[in-house]
There are 2 protein chains.
Amino acid sequence: MTKHHLPATPDTVHWGYFSKTLEPVLTLKSGERAVIETITHHANDDYERMIAGDPAAEEIFHWSKDRKTLRRRGAGPTDGALTYGSGEGLGVHLLTGPIAIEGAEPGDIIEVRILDAWPRPSANPAYQGRFFGSNPAANWGFQYKDLIEEPKPREVVTIYELDMGEASVKALYSYLWTPQTDPDGIVHPTIDYPGVRVDHDTIVKKEGILSGIKVPARLHFGTMGLAPAEADFVSTIPPNYTGGNMDDWRIARGARMYYPVAVPGGLFSCGDAHASQGDSELSGTAIEISLTGEFEFILHKKADLGGTILEGLNHPLLENEDVWSVYGFSVTNYLAELGPDHQHEILKRSSLDNAMRDAFRKLRRFLMTTQKLSEDEAISLMSVAADFAVTQVVDANWGVTGSIRKSLFAGR
Amino acid sequence: MTKHHLPATPDTVHWGYFSKTLEPVLTLKSGERAVIETITHHANDDYERMIAGDPAAEEIFHWSKDRKTLRRRGAGPTDGALTYGSGEGLGVHLLTGPIAIEGAEPGDIIEVRILDAWPRPSANPAYQGRFFGSNPAANWGFQYKDLIEEPKPREVVTIYELDMGEASVKALYSYLWTPQTDPDGIVHPTIDYPGVRVDHDTIVKKEGILSGIKVPARLHFGTMGLAPAEADFVSTIPPNYTGGNMDDWRIARGARMYYPVAVPGGLFSCGDAHASQGDSELSGTAIEISLTGEFEFILHKKADLGGTILEGLNHPLLENEDVWSVYGFSVTNYLAELGPDHQHEILKRSSLDNAMRDAFRKLRRFLMTTQKLSEDEAISLMSVAADFAVTQVVDANWGVTGSIRKSLFAGR
């Protein structure tokens, strides 16, 4: 089998948006595998540990007065008087891709098997071979307007180190975000634009934090998905029917994700990798880290879906050894439902109650269609055996994950 | 050690309410154990399987034109023109208790260790020794106004059998709820009053449902808690600061629950047992079954809480081998916050968003107070390592459970 390798380079990444207008950087046949490098958009929270000495990361993040390698960061405006910068940070995730799957057409399903994931080592001689990530408690976090200690509000960045031997993560230090001036002269009083390099001369590091506490690693990709059909440039922040920023830590090694194809080729991109995250991603981010993944892509043609677990699927579905999971959103397909200003409108629609409603409906449909249950059977089974978790409360289109164990059906 | 036995009898149960006015049926010293029988309030969904031949159940549920053993069922009115019946079904759970803990005073914490739980066998010779439970998809369920198949709306009762050898549960049959006339002549077009015997001549049983599907057992007590201070009679439906109808399937063997004492003696009651339930209790109920539990009660005096995980605790806390869990509610203490009509007002305040907010605040406080973290440390740790689940969306005061693994702190 051909195993492709897709490095992260300025030519293979796009920043802050999904787009059906992008040319694929790789085209695969169904059944092929690819090793894909991803680089975290939070690497500049600690340039020395996460960028320095790594030529690809250095080039991707390069931004001087004269040259900004990746100018557009987000789905917003790129011209005129910019408030935050090109793309306006309407979308923040640095994604690798897109990858086209040969023959994929709207109505098909692309299955993405996550075969493995491993961290990208620091290339700075001072930290050679070690793995670092960043966890900002950001202005879009659930806590931001609900803080009790001074100063209020505030953003705090915590830098963690991942120990792959122990498969655990430990905090190294934290700092309060201070206004950062980018090379174009724009001041960023808060974390309002991705990839701004934090000048460590302007911050005060707090060491010895979370002393003695180790967090088990949960390596996963926060953002994986296909290009939507509804708009040319779509912010990476709200997850939607073609996947995207789902931020479920179960989207990890051993999982298979199924995504509905909305545009020819599907156009898969991934990034926003995490060393660990809890259900809710409370502070607005996980431990943001650069991971490389090995994936296998399988195309399921529309005509072949009947009688499989993919029948009628029009939203992302996870399958792993234990469960099938559906993802409920505040708005099922915000691009289609919220009118021309959908990308701003969704910011006002965050609702766990609606996400729970959507997860209920999606899981009911899944059970009725693919397990041939009546509505009454599906509802009883969900009440006694399905579990609903708070996926995230920070990505505008807030999410609830509904899971049903596959073992329930072993006797059928 | 003295092990007490508290059978379920008309004299040891109360129906639909917590009350500080109840005399304790048992008084224990801190450290004592008790085996407590509970009987499900849904037993009359299938009288033959869950009541017939069981003298205690028969007497508790006895309701003829001449005599209703337990007249009051709920915290509502008991006199005048009653719509549903005495107590008005404002609260539905049949609880065993209350048990007083000697010396417990407001400000103290009562720890309840669940040592074991086992089902109450059918005493009907036709079903001797077998275990049955009922799962109504009820009018207070999350699905009720959101059904797709006809007739709409509808309530459907599914009867399950528990196999203790396999530790799994299987559906036996279901039926559509039909109007039931109680012995006082009140017609119940929906499930609006607890303990109404379903006349099986009025229903049509659907067999062969959920064929081949087995649900792993999760034996637990849906309702456990202490008497609140704010009102004399408090509906069992909304969980609150002294516990109650939390409906978390993790409140099971091996768990320790900690409850703040609001009235002298604490007055612990339990019931609403379940053979299994998923996070959300979607249809309004779990597999409602009669369980007997063995419990140990430990009194923690207010003066001794400093420096322990109970310091500053003013809400229920779960501890098991793996995690500490807090319970976020739509309204933190609805009895204190919603004015004199609190028991009706809470019905309009159901909100997962608010429950998530409450869970966040409670877990933050727990981490700051008991693990001596700064607010920034607590928030970062919650984002990368705490998990939030949808406890229930059916008990008026909807809930989100926030859990943090104890192992994170093993190195401290």
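Values in this text are rule-based calculations from the coordinates and carry no lab data. It should be emphasised that the depicted structure is a prediction, and the values quoted were computed from it without experimental measurement. A quick note on method: Cβ atoms are made from the backbone with ideal geometry, for glycine too, and the neighbour counts reach across all protein chains shown.
Computed values, structure above
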read-out: Sequence-distant lysines (8 or more away, or on other chains) whose Cα lies within less than 18 Å of A:K302; value: A:K29
read-out: Added length on full extension, which subtracts the Cα-Cα distance from 0.36 nm per residue, B:T21 to B:D341; value: 113.2 nm
read-out: Cross-link reach list, aspartates and glutamates versus A:K301, counting only Cα pairs under 15 Å and skipping chain neighbours closer than eight places; value: A:E102, A:E105, A:D108, A:E111, A:E311
read-out: At 1.002 mPa s and 20 °C, Stokes D of segment A:256-412 from Kirkwood alpha-carbon radius, µm² per second; value: 125
read-out: B:H5-B:L176 pseudo-label distance in nm [points 7 Å out on the Cα-to-Cβ vector]; value: 4.6
read-out: Residue-averaged 222 nm ellipticity for chain A, from DSSP H runs of 4+ at -39500 (n - 2.57), nearest 500; value: -3000 deg cm²/dmol
read-out: Alpha-carbon centroids, segment B:1-33 and segment A:43-116: separation in whole Å; value: 63
read-out: Cut-off under 5 Å, modelled amide H: who pairs with B:S290 long-range; value: B:T40, B:R120
read-out: Chain A: angle of helix A:352-370 to the longest principal axis, Cα-based, in degrees nearest 10; value: 40
read-out: Rounded if a/c under 1.5, otherwise prolate or oblate - segment B:1-100, Cα gyration tensor axes; value: oblate
read-out: Between helix A:375-385 and chain A: long-axis angle, C-alpha atoms, 0 to 90°, nearest 10; value: 50
read-out: Cα radius of gyration and Dmax for the protein assembly as shown (Å); value: 27.8, 93
read-out: Set A:K170/B:K406; B:K68/B:K348; A:K68/A:K152; A:K145/A:K348; A:K406/B:K170 screened for pairs whose C-alpha atoms are more than 21 Å apart; value: B:K68/B:K348; A:K68/A:K152
read-out: Pseudo-label separations to other copies for A:M164 - Cα-to-Cβ vector, 7 Å, nm; value: 5.0
read-out: Partner chain coverage, peptide B:341-353 - average Cβ within 10 angstrom; value: 2
read-out: Cα pair distances in segment A:242-344, grouped into 5 Å bins until the bin that holds the longest one, percent each; value: 2, 9, 18, 22, 22, 15, 8, 3, 0
read-out: Other-copy label distances relative to A:H200, 7 angstrom Cα-Cβ extension, nm; value: 7.4
read-out: GNM flexibility winner over chain A from A:G85, A:G74, A:G266 (Cα, springs under 10 Å); value: A:G85
read-out: Volume per residue of the C-alpha convex hull in segment B:111-270, rounded to whole Å³; value: 175
read-out: Long-range amide H partners of A:Y160 with built H, under 5 Å; value: A:G133, A:S134, A:N135, A:L172
read-out: Minimum Cβ-to-axis distance in chain B for the rotation onto chain A, with residue, whole Å; value: B:L352, 2
read-out: For B:H5, label point 7 Å along C-beta direction: distances to other copies, nm; value: 7.3
read-out: Gyration tensor over alpha-carbon atoms, segment A:3-216, equivalent ellipsoid semi-axes in Å; value: 30, 23, 17
read-out: Whole-number D in µm² s⁻¹ for chain A, Kirkwood Cα-pair radius fed into Stokes-Einstein, 4 °C, 1.567 mPa s; value: 60
